[in-house]
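Undergrad: Submitted below is the structure of interest, expressed as structure tokens.
The values are calculated or read from the model by the stated rules, or taken from the named source; none is laboratory data. Worth saying up front: this structure is predicted, and the values here are computed from it rather than measured. Positions of Cβ are backbone-derived with ideal geometry, glycine not excepted, and every protein chain shown enters the neighbour counts.
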Amino acid sequence: MAVQHQTHHSAGAAGATVPRPLLVVIGPSASGKSSLVRELRRRRVIRAHPTWTTRPRRNDEHGGTLDHRFVSDAEFDELCARRRFLVTAALPGLPYRYGLAPLPAGPGPVHAVIVRAPFVEILGRLFPDQLVYQLEDTAQRSLQRLLLRGCPPSELAARLDGRHRELTDGRRVAHRVIVNDRSLPALADAAAAALRLDLARHPVHQGGLAC
């Protein structure tokens, strides 16, 4: 799955000074990424960072969301002109753009971002030291979530058409695959335990993991 992207020299970019490794959570649409990251953040296991996007808010996002900051195309262009992004990208088949702002340095829980599998390679150029966890769910459950969100039919088709390819691509780059086949607390328990184990094995990790 090809991704259109541009790498930027962001003003005041933290870049590689972020405590490492960076946790990258991937998975197809409606696999449960946001719910898991919200729960891990609530437990202070991770420090989550949003991406900026021109995608319209869904019905369940009008009160705000952890993984996105919503802007118009004109606002996105202005942010690009002011060098506010480390990298920008767009998925094929969808008319929306995404941008990642610099991540603040400093001690604390592991920094985490939610992206899609095609973005992992791009992020790896900026943060070569990363842990990639793929979250997966059944096609039927993912479809039910998309319908509950009020996903437009045209966008629904684009998201579902590439699901198998994205699962396959994600498994190639993921250090762990976590199946969303349990309650959210149990899912977060499993992810936190996996992260704790991976960080214990990681020689350059300098941040703390607070559970």
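Undergrad: Do you know which residues across segment 147-162 are crowded, with 18+ Cβ neighbours inside 10 Å and part of a helix (DSSP H, G or I)?
TA: The answer is GLU155, ARG159.
Undergrad: Also: Out of segment 87-130, which residues are under 15 Å from the mean Cα position of the chain (by Cα), assigned to a loop (DSSP other than H, G, I, E, B) and over 20 Å from ARG159 (Cβ atoms)?
TA: Correct list: ALA101, PRO102, LEU103, PHE127.
Undergrad: What's the number of the condition ARG182 fails, among (1) more than 15 Å from VAL25 (Cα to Cα); (2) in a helix (DSSP H, G or I); (3) free of Cβ contacts under 8 Å to residues at least 12 places away in the same chain?
TA: ARG182 satisfies all of (1) more than 15 Å from VAL25 (Cα to Cα); (2) in a helix (DSSP H, G or I); (3) free of Cβ contacts under 8 Å to residues at least 12 places away in the same chain except (2).
Undergrad: Answer yes or no as to whether GLN144 is modelled with pLDDT under 90 and assigned to a helix (DSSP H, G or I).
TA: Yes.
Undergrad: Collect the residues in segment 191-211 that are surrounded by fewer than 15 Cβ atoms within 10 Å (Cβ to Cβ) and either at pLDDT 95 or above or in a helix (DSSP H, G or I) (or both), keeping them in residue-number order.
TA: ALA193, ARG196, LEU197, ALA200
Undergrad: Another question, if that's okay. Restrict the check to segment 55-74 and report whether at least one residue is in a strand (DSSP E or B), in contact with a Ser or Thr (Cβ under 8 Å, 6 or more places away or on another chain) and either on the phi > 0 side of the Ramachandran plot or touching a residue at least 60 places away in the same chain (Cβ under 8 Å) (or both).
TA: No, every residue in segment 55-74 fails to be in a strand (DSSP E or B), in contact with a Ser or Thr (Cβ under 8 Å, 6 or more places away or on another chain) and either on the phi > 0 side of the Ramachandran plot or touching a residue at least 60 places away in the same chain (Cβ under 8 Å) (or both).
Undergrad: Given the conditions (1) in contact with a Leu (Cβ under 6 Å, 6 or more places away or on another chain); (2) more than 27 Å from ALA157 (Cβ to Cβ); (3) of a type in the set (Gly, Ala, Ser), which single one is not true for GLY32?
TA: In the conditions (1) in contact with a Leu (Cβ under 6 Å, 6 or more places away or on another chain); (2) more than 27 Å from ALA157 (Cβ to Cβ); (3) of a type in the set (Gly, Ala, Ser), GLY32 misses (2) alone.
Undergrad: Could you check how many residues of segment 163-179 are surrounded by fewer than 16 Cβ atoms within 10 Å (Cβ to Cβ) and either of a type outside the set (S, T, N, Q) or not in a helix (DSSP H, G or I) (or both)?
TA: Selection size over segment 163-179: 8.
Undergrad: For segment 33-52, which positions are part of a strand (DSSP E or B) and either surrounded by fewer than 17 Cβ atoms within 10 Å (Cβ to Cβ) or in contact with a helix residue (DSSP H, G or I) (Cβ under 8 Å, 6 or more places away or on another chain) (or both)?
TA: Matches in segment 33-52: ILE46, ARG47, ALA48, TRP52.
Conditions (1) free of Cβ contacts under 8 Å to residues at least 60 places away in the same chain; (2) over 16 Å from PRO28 (Cα atoms); (3) in contact with a Lys or Arg (Cβ under 8 Å, 6 or more places away or on another chain), marked per residue:
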| position | (1), (2), (3) |
| --- | --- |
| PRO152 | yes, yes, no |
| THR168 | yes, no, no |
| ALA186 | yes, yes, no |
| ALA191 | no, yes, no |
| ARG196 | yes, yes, no |
